[in-house]
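The structure appears below as structure tokens.
The values are calculated or read from the model by the stated rules, or taken from the named source; none is laboratory data. Bear in mind that the values here come from a model prediction, so they are computed numbers and not experimental data. Glycine also receives a Cβ, built like all others from the backbone with ideal geometry; neighbour counts cover every protein chain displayed. Ligands, DNA and RNA are excluded from the accessible area calculation, which covers all protein heavy atoms including side chains. Shrake-Rupley method; radii C 1.70, N 1.55, O 1.52, S 1.80 Å.
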Amino acid sequence: MGEAFIHQTKGSRKQITDVIETLRYVYKGQTIKPGDLVRFINDGDYGVSGQVDLSSVTNSGVAAHAIELPNGMVFISHQYSVSNYYQLGCTLLSVSGTTILSHGTTLLDSPGGVTQTKSILLPSGNVFIAYNKDNYARGVVVTINGTVVTPGTVASYGGSVAGLQVEAVLLPNGTIFIPHTYNSSNYYMYGLILTINGTNITAGTDTKIWDKTTIPASFVNV
């Protein structure tokens, strides 16, 4: 059986075993998946970045959620702590190979208890953030111009104790479905649709999706 080679440049070949050994070094202490080998062969040698301090704001590592933007930058929504108030903030990053550059942290909402965030890239290129604040379900759309993040008007929907658990899903028509809990003792599941126009948010009717009393008796406690 012949040796396996990878063609690199004219007159230059590298054995596949050499590539695997190099890959093991790059991913030392980590599991190597088949896709890692493919990317390594296609893209060349790359390493794993060291730890980078992305934000100096206290508690900015709490409730973090990251998405990739069309320009290759990374947008992270997260908690932003000022004077023991857990507010909503975001950090914009540039990533080149294993180099990560933070463009600073932006405050998006006024003081209050924020413990959960979910960011969604909109068809317009803006970013919608669903989050809870003092147990209310809230949302805000931000515009991004270069490395400058500008928040629109914050919207609150679903009423009191509607934000104990909040999720967000972008639908094919560009609206956003928000499933959430409601009622601090029974935690019923509710849902509503948000329509986004620029940075303006309009909420539809909040609807109970599920609770035990609406399930046929034969399915209860199955």
Per-bin percent of Cα-Cα distances, segment 78-117 [10 Å]: 31, 39, 23, 6
Carbon and sulfur atoms account, in whole percent of the 1.4 Å probe accessible area of segment 68-143, for 50 percent
A convex hull over the alpha carbons of segment 96-190 yields, per residue, a volume in Å³ of 132 Å³
In nm, give the distance between the simple-model label positions of N173 and L121, each being 7 Å from the Cα along the Cα-to-Cβ direction. 2.4 nm
